[in-house]
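The values are calculated or read from the model by the stated rules, or taken from the named source; none is laboratory data. Quick caveat: nothing in here was measured; it's all calculated off a predicted structure. We place every Cβ from the backbone using ideal geometry, glycine too, and count neighbours over all the protein chains shown. Side chains included, ligands, DNA and RNA excluded: accessible areas come from the protein's heavy atoms. Shrake-Rupley method; radii C 1.70, N 1.55, O 1.52, S 1.80 Å.
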Amino acid sequence: MRPRPVESFTLANGLQVVVLPSHRAPIVTQLLVYKVGAADEAAGQTGVAHFLEHMMFKGTATTGPGELSRLIARTGGRDNAYTDSDTTGYYQTVATDQLELAVRLEADRMANLRIVERELVPERQVVLEERRMRVENSPAALLSEAVRELLFGRNKPYGAPTSGYPEDVKRLGVGELSAFYRKHYAPNNAVLIVAGDTTAAAVGKFVEKYYGPVPRRPVEVRRRPSEGGPGLPQKVQRADARVAEPRWSRDHLAPSYRAGETRHAYALTVLAHLFGGSETSRLWNALVERSRVALSASAGYRASSLGLSAFDFSVHPAPGKTMPEVEVAVADETKRLLDGGVSAEELERSQNQLLAAAIYSQDSLGSGPRFYASSLGIGLAVADVNDWPQRIAAVTREDIVAAARHVWREDNCVTSLLTPAEGSR
């Protein structure tokens, strides 16, 4: 896999800049990612990172509420933002000749955001309504919150929902949001990624002009727990009349690129794809195609975490099949891999599919910058991102089994059952 062209430099105020040139179309994306997320919130202030993301669109001393988005839209561009556990990102995709506008507007709100009561009060209702729509109206999302609390610990990083607990969000005011902004939104706590039809020289001129004057500020070292929640293993069930399809799931604590036994991270990435990443995976073949105990079966893992991560299995039982039958079937298949290993052919196939997906992502002005952001936002280097294909290709069959043995244990997991209101079936 040929590495894509990448240029990186750092301003005097500490802002890291990464340029990913691609001249396929006359458009460019600016993604500014701050090294702060929901896992950096204090107990009693859950949701402040996400709430602040909303308030970042409410204006500065020189731009009014919503004006940034209106200016971007007027040029034919689009903008948005996201908050996750470890990072918060703001991005605009515009025509190449509008890059300076996007840079100017983003640098302005890095330094000059205004948080005022008249904008905060109605936006709080927007944030709460967003949670009601995405979480409280979804039994699966509510169960996932309960799983994270058990797996990582309530009031611990990763244990609270990104949207925050409603009682906390209702208490957050101008003081809390302003303090979080001043503490974390600094150039030396951010990475700027610019991808598309531009050059490092052009980006450097705009970045130095608009971001360069923003002063750096002291930033605390981020810390994450080295263990999961108390009392593992745990089991949790949610019975809800809104559930049409029951689901059996299991989440295991797992290392990431930055925490735990990090040497397993690349092997776990391949393992998740090989074992449950598609309809040709082991889990799907065993549970859906052969035994017909399930309608669907998958496995997932995300290595880009500052703290510990999770490796999960998820199965929708077939009609007439029980949760215990599903659990036995998953256990049989995990044991088969642990005892018999993996073949050279299936390992190579999974590696090739992962590498192909990485190649396609390079052509996207969405997933390409986000791939860099997820790694650089947790403190990895550009070289780590560029070397990802080689590290995936270097994973061996022995690595796969060793990683599975390390993670697939009975003492580090949460099993969850999502069922209709009448109970398990």
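Structure summary
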| item | result |
| --- | --- |
| Residue within segment 284-295 that is of a type outside the set (Asp, Glu), closer than 30 Å to Leu20 by Cβ, open to solvent by less than 10 Å² (accessible area, probe 1.4 Å) and modelled with pLDDT of 95 or more present | no |
| Within segment 28-126, helices (runs of 4 or more DSSP H) holding 3 or more residues that are basic (Lys, Arg) and surrounded by 18 or more Cβ atoms within 10 Å (Cβ to Cβ) | none |
| Count of residues meeting criterion [open to solvent by less than 10 Å² (accessible area, probe 1.4 Å) and of a type in the set (Gly, Ala, Ser)] in segment 8-27 | 0 |
| Residue among Glu333, Glu325 that is open to solvent by 20 Å² or more (accessible area, probe 1.4 Å), farther than 30 Å from Pro157 by Cβ and part of a helix (DSSP H, G or I) | Glu325 |
| Hey, Pro317 farther than 19 Å from Arg409 by Cβ and buried (at least 23 other Cβ atoms within 10 Å of the Cβ) or not | yes |
| Cβ pairs under 7 Å, 6+ apart, first in segment 303-330 and within 11 Å of Val293 (Cα to Cα), second assigned to a loop (DSSP other than H, G, I, E, B) and among the acidic types (Asp, Glu) | His316/Glu245 |
| Pro5 vs. criteria open to solvent by 30 Å² or more (accessible area, probe 1.4 Å) and in contact with a Lys or Arg (Cβ under 7 Å, 6 or more places away or on another chain) | no |
| Odd one out for Leu287, checked against (1) touching a residue at least 40 places away in the same chain (Cβ under 8 Å); (2) more than 19 Å from Thr415 (Cβ to Cβ) | (2) |
| When residues of segment 127-142 are limited to those that are acidic (Asp, Glu) and free of Cβ contacts under 8 Å to residues at least 24 places away in the same chain, the one surrounded by the fewest Cβ atoms within 10 Å (Cβ to Cβ) | Glu129 |
| Restricting segment 267-292 to residues that are part of a loop (DSSP other than H, G, I, E, B) and either in contact with a strand residue (DSSP E or B) (Cβ under 6 Å, 6 or more places away or on another chain) or of a type in the set (Gly, Ala, Ser) (or both), the residue that is farthest from Ser375 (Cα to Cα) | Ser291 |
| The listed residue being in contact with a Gly (Cβ under 9 Å, 6 or more places away or on another chain) and open to solvent by less than 80 Å² (accessible area, probe 1.4 Å), out of Leu354, Leu338, Leu347 | Leu354 |
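Per-residue answers, yes or no, for (1) part of a loop (DSSP other than H, G, I, E, B); (2) at pLDDT 95 or above; (3) open to solvent by 20 Å² or more (accessible area, probe 1.4 Å):
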position: Ile359; (1), (2), (3): no, no, yes
position: Ser364; (1), (2), (3): yes, no, yes
position: Gly379; (1), (2), (3): yes, yes, yes
position: Arg391; (1), (2), (3): no, yes, yes
position: Val395; (1), (2), (3): yes, yes, no
position: Ala402; (1), (2), (3): no, yes, yes
